[in-house]
1. Taking every DSSP beta bridge that has both residues in the chain, what percent is antiparallel when rounded to the nearest 5?
2. Would you tally the net charge around ARG481, using a Cβ to Cβ cut-off of less than 14 Å, leaving ARG481 out, and scoring K and R as +1, D and E as -1?
3. On average over all directions, what projected area in square nanometres does the range 51-184 have, based on the convex hull of its Cα atoms?
4. Tell me which trypsin sites (Lys or Arg not before Pro) from the range 1-85 have a DSSP coil assignment and no more than 12 other beta carbons within 10 Å of their own.
5. When the Kirkwood hydrodynamic radius is evaluated over all pairs of different C-alpha atoms of the range 1-101, what value in angstrom, to one decimal, is obtained?
6. Rounded to whole Å and sorted largest first, list the principal axis extents of the Cα atoms in the range 165-206.
7. Tally up the carbon and sulfur contribution to the accessible surface of the chain as a whole percent, 1.4 Å probe, everything protein left in place.
8. Among DSSP beta bridges whose residues both lie in the range 47-129, state the antiparallel percentage, nearest 5.
Amino acid sequence: MDPSRPLASSIAWAEGRILAVDPPRPLGRVIDLRGQTALPGLIDAHLHLALGGETLLQLDLSTARHRADFERLVAERAATLPRDGWLIARSWNEDAFEERCTPDRTWLRAAGDRPAVAWRMDHHACVLNDAAIDLLAARQDLGVDPPGGRIERDGTGRPTGLFQEAAAWKLVNPMLPSPSLEERREAVRAAQRSLASLGLTSVGSMEYASVVRDAIEPLRAELAVRMRVTLLDRDWPLDLGYATRFANDERLAVIGMKAFIDGTLGSRTARMLEPYDDDRANRGLLVELAERGVLVDWIRHVRAAGLSPSMHAIGDEAARLALDAIDASDAPGAPPARVEHAQTLARADIIRFAGRFASMQPLHKAYDARSAATRLGPGRMDRFFPFRSLHHAGARLAFGSDWPIVSPDPILGLAAAITGLDVDGQPCRVEENLGVHEALAAYTSGAAACLNIDAGVLAAGKLADITVVDADPYACDWRTRRPRVTMTLMGGVVTGGVVTGGVVQDR
Ligand SMILES: [Zn+2]
């Protein structure tokens, strides 16, 4: 990623920073990569680390292919739990089952008397067991569906256990125990291990100040992945005291504040310039600060305090409002603003991204491709994820995953941006594909610039953050053969991967 030296055969570092690229002779300890490729450490510009870590501690049902698998996994987990503790599972998907069926409360029998919940992979539905249904019934009349939700019932009127949409997140979610302090910290540790093993060296993480204070900052010294935190706290009027007084260092820093302008395409709540093609009376919602008309006040406050504003904008009108707010708050020396998602953009707004950060998630394109065609209609698909047009307009692309919404594996994100294939393997807007170099830049130098990290380029003086892959990413056909991460180094220390990928010798 250093244009003055795009290729090299060795790197020397000390005390966490790169000393030289292609030094005249090796010194000290040598890691021989045996023909593998060292890239600048990969960076995810937008995820939710603490929340993602919590999902890692839950029972993963994504491998269940039939009812017997599901029940065996529940039984195995139940055996490890205290008698009265909740069993919380996630990621079942009836589309992955070999025979057509949907789980109900009987699938969770192995949980015994303890309450149990199993979330569908998209978190838009869940199944409760009898004990959990009884707990919920004591708080709530389960005879009527909540607005926007559905409680499935059997012939006798008893819930089958399946709760959908608002019934899942408005009734079931608040009933679940919140994790203890120790569980929160364990979740952060699990997330760090997992992200490092995927080749990530830094992440931009969206967190509440209370979570940073209680569960992340106490672990600062053991973080294996650098964190640049954007705070989700957005009570108005804003309190910027915690963010501006935070003790930033290379491992952990608070860089900015987050605002939400609209919702999502899938739920038709993303704010569009014109109505949805499959709901002609609706063009989505403005939410929170945008709905109250204080977005410009908010962004001025944030930038004046030396913090980077980050705005969730998925619909084309939401992106336009974000750009208007950035323009209205530009001042010499003001910290850069970030537009998160930017999933649909009117042509006139693409050029307005010149020199601006677009923080985008290529895997969201792969997941949303199917529903976008019906939401936007064929006439507006040219607004959907215009990666290449943004790049040509001079936008500063930073890629990420939004984990735990989708996988944080950066190789999957790179493949989506490079091939344009959606999750069903169908091509979507391939005219907007990026080349390998541009996609890698968005996961390295682009994301580093977006998050203000002194990395993303392998050059003397930069942080020694390195991701090793087993194949030359420029030579791979990404449709058939993706590189595999074999080693991750943060500040020159191995944090993830398989060290046997290289040979360590002392000289
Ligand atoms: Zn997010």
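The values are calculated or read from the model by the stated rules, or taken from the named source; none is laboratory data. What you are looking at is a predicted structure, and each value in this text was computed from that prediction instead of being measured. Quick reminder, even Gly has a Cβ in these numbers, built from the backbone with ideal geometry, and neighbours come from all protein chains shown. Protein only, heavy atoms only, side chains kept; ligands, DNA and RNA dropped before computing areas. Shrake-Rupley method; radii C 1.70, N 1.55, O 1.52, S 1.80 Å.
1. Numbers: 34 of 71 bridges.
About 50 percent, rounded to the nearest 5.
2. Every neighbour counted, the sum reads 0.
3. Numbers: hull surface 32.9 nm².
Across all orientations, the range 51-184 yields a mean hull projection of 8.2 nm².
4. Values: sites: ARG17, ARG29, ARG34, ARG65, ARG67, ARG72, ARG77, ARG83; in loops: ARG34, ARG65, ARG83.
Those that pass, being in a loop and sparsely packed, are ARG34, ARG65, ARG83.
5. Details: mean 1/r = 0.0529 Å⁻¹.
Answer for the range 1-101: a Kirkwood hydrodynamic radius of 18.9 Å.
6. That gives 38, 25, 16 Å along the principal axes, largest extent first.
7. On the way: 11060 of 21860 Å².
Heavy-atom surface of the chain belonging to carbon and sulfur, 1.4 Å probe: 51 percent.
8. Values: 3 of 9 bridges.
Antiparallel bridges: around 35 percent, rounded to the nearest 5.
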